[in-house]
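Q: One structure coming up, written as structure tokens, with questions to follow.
The values are calculated or read from the model by the stated rules, or taken from the named source; none is laboratory data. A quick note: this is a predicted structure, and the numbers were derived from the prediction, not measured. Every residue, glycine among them, receives a Cβ derived from its backbone with ideal geometry; neighbour counts consider all protein chains shown.
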Amino acid sequence: MKVVVSLALAGLCAWANTAAAQAPSAAFPSVINALKAAPGCLGVETGQTSSGRQVIFAWFEGKQALVDWYHSDVHQRAMKRVFPDRTFERQPLPDLPDDTGPILAIVSVKFAEATEDRPRAISSIGIELYGPLPGGVAVGGRFAPETVKVRGLREISSEAAARPTR
């Protein structure tokens, strides 16, 4: 069992290093930096999927922090840059209770290849919202920021995981 867990962790680490080398922060530096500094944003991670989507993971303390980010100048400019002919006048998250939180926002962007006739452009973008579910295990750390509380999450230090069991 320990050998299997060790191999799985080694494989995960090798994959994570490859994904980190392809992180989208170069494509979205002003948005990511502003997001990290936004009130109520608990943490930001970036990466790239095996299908080539660039991904931003942003954790917010609750609905109000996410709505405030939506209305921020940086986010509004980013929306206008991607959709210059659209007007965004709707109130975000009308069906979400005000006391909802924490919230994980995942932004995934796929770019079309540039050609001689057109520059590289966004071919698809998705913004999805999730909340933590009870349970899970974290060995030696976790993906979500420590400030995101997850009921029933088992957190095990690397040292405790490496000790032999009886």
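Q: Looking at the structure I just gave you, is GLY131 in contact (Cβ under 8 Å) with a residue 12 or more places away in the chain, more than 17 Å from GLY62 (Cβ to Cβ) and small (Gly, Ala, Ser)?
A: Considered against the rule, which asks whether it is in contact (Cβ under 8 Å) with a residue 12 or more places away in the chain, more than 17 Å from GLY62 (Cβ to Cβ) and small (Gly, Ala, Ser), GLY131 comes out as no.
Q: OK, next. Mind checking which residues of region 147-157 are without any contact (Cβ under 8 Å) to a residue 60 or more places away in the chain and loosely packed, with under 11 Cβ neighbours inside 10 Å?
A: Correct list: LYS149, ARG151, GLY152, ARG154.
Q: Another question, then. Look at region 118-137 and say how many of its residues are surrounded by 11 or more Cβ atoms within 10 Å (Cβ to Cβ) and within 17 Å of the chain's Cα centre (by Cα).
A: Result for region 118-137: 7.
Q: Do you know which of the residues in region 42-92 that are among the aromatic types (Phe, Trp, Tyr) and without any contact (Cβ under 8 Å) to a residue 24 or more places away in the chain is nearest to ALA105 (Cα to Cα)?
A: TYR70
Q: Follow-up. What's the number of the condition GLY101 fails, among (1) closer than 22 Å to LEU133 by Cβ; (2) at pLDDT 95 or above; (3) outside any strand (DSSP E or B)?
A: (2)
Q: In addition: Taking MET79 and the conditions (1) modelled with pLDDT under 95; (2) more than 21 Å from ALA38 (Cα to Cα), which numbered condition does it fall short on, given that it satisfies the others?
A: MET79 satisfies all of (1) modelled with pLDDT under 95; (2) more than 21 Å from ALA38 (Cα to Cα) except (2).
Q: For ALA19, are the conditions met, namely being modelled with pLDDT under 95 and in contact with a Gly (Cβ under 6 Å, 6 or more places away or on another chain)?
A: yes
Q: Checking the condition touching a helix residue (DSSP H, G or I) at 6+ places or on another chain (Cβ under 7 Å), in contact (Cβ under 8 Å) with a residue 12 or more places away in the chain and either of a type in the set (A, V, I, L, M, F, W, C) or surrounded by 14 or more Cβ atoms within 10 Å (Cβ to Cβ) (or both), which residue from GLY101, GLY140 passes?
A: GLY101
Q: In addition: Report yes if some residue within region 52-66 is within 23 Å of PRO29 (Cα to Cα), within 17 Å of the chain's Cα centre (by Cα) and in a helix (DSSP H, G or I); otherwise report no.
A: Scanning region 52-66 turns up at least one residue that is within 23 Å of PRO29 (Cα to Cα), within 17 Å of the chain's Cα centre (by Cα) and in a helix (DSSP H, G or I).
Q: Here is a further query. Would you tally the residues in region 91-114 being within 17 Å of THR147 (Cβ to Cβ) and among the small types (Gly, Ala, Ser)?
A: Total satisfying the criteria: 2.
Quick grid of which residues meet (1) at pLDDT 95 or above; (2) closer than 26 Å to ASP68 by Cα; (3) hydroxyl-bearing (Ser, Thr, Tyr):
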{"residue": "GLN91", "(1), (2), (3)": "no, yes, no"}
{"residue": "GLU113", "(1), (2), (3)": "no, no, no"}
{"residue": "PRO119", "(1), (2), (3)": "no, no, no"}
{"residue": "ILE125", "(1), (2), (3)": "no, yes, no"}
{"residue": "GLY135", "(1), (2), (3)": "yes, no, no"}
{"residue": "GLY152", "(1), (2), (3)": "yes, no, no"}
{"residue": "ALA160", "(1), (2), (3)": "no, no, no"}
{"residue": "THR165", "(1), (2), (3)": "no, no, yes"}
